[in-house]
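Derivation of every value follows stated rules applied to the coordinates shown; laboratory data play no part. It should be emphasised that the depicted structure is a prediction, and the values quoted were computed from it without experimental measurement. As a convention, Cβ positions derive from the backbone with ideal geometry for all residues, glycine included, and neighbour counts pool all protein chains shown.
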Amino acid sequence: MSATEVEWRKHGFEGSRLGYLLNGAGFFHQAHRAVDDCHALVEILAFEVPTGAPALAMLLEQARKKTMRVWAEQSPFDLKDALKRRGYRWSDGNDGRPRSWFINVEESQLGAENCVSQGRDLFP
């Protein structure tokens with residue numbers, strides 16, 4: 001989950017796709033070849049972001065935090081853009097989960113996000 005667990009944009013990267021990360025780190029590779037993609041990911045995780053920490057250390061720090069998944073079930077269609085801006089992602093329900101918007105939040109932020117998922121305080 002290195003694409004979503006590390007705040008790449010906050011560290012000066014254009015986006016979280018592997019190509020953007022490699023470009024931002026000064027690397028180039030043959031895209032879409034499995035072995036090359038794996039080597040590229042290892043290089044990115046070893047790369048030290050401007051704070052001086054390797055990306056892997058930040059990823060592990062995030063992985064150790066307890067998170068909860070909040071579902072915005074039956075949210076009105078007109079809230080779609082606001083939910084996307086807050087980082088919600090769409091689940092199409094094909095995996096047995098609800099067909100709904102969702103977000104993973106740290107346990108300490110669960111109360112505030114529950115209000116948002118119910119349509120309250122969406123525009124602070």
Inset, instruction - Among 39, 32, 11, rank each residue by its count of other Cβ atoms within 10 Å, from fewest to most, as a rough exposure measure. - result: 32, 39, 11
Legend entry - Label-to-label distance, nm, for residues given as residue 39 and residue 112 (7 Å Cα→Cβ offset): 4.4
Legend entry - Spatial extent of the stretch 2-63: Rg and Dmax, with the Cα atoms as the point set, Å: 10.9, 31
Inset, instruction - For the stretch 9-114, evaluate the Debye formula with one uniform point scatterer on each Cα (no solvent term) and list log10 I(q)/I(0) at q = 0.13, 0.14, 0.20, 0.23 Å⁻¹, rounded to two decimals. - result: -0.69, -0.78, -1.09, -1.14
Legend entry - Using alpha-carbon coordinates, inclination of helix 34-46 to the longest axis of the chain, degrees: 80
Legend entry - Options 70, 23, 12, ranked by Cα towards positive dipole end of the chain, top entry (Cβ charges): 70
Inset, instruction - Kindly put 101, 90 in sequence by how many other C-beta atoms sit within 10 Å of each C-beta, fewest to most. - result: 90, 101
Legend entry - Packing-based exposure ordering (other Cβ within 10 Å, fewest first) of 95, 81, 37: 95, 81, 37
Legend entry - Per-bin percent of Cα-Cα distances, the stretch 67-117 [5 Å]: 5, 22, 33, 24, 14, 3
Legend entry - Approximate spin-label separation residue 65-residue 30, in nm, with each point projected 7 Å along Cα-to-Cβ: 3.8
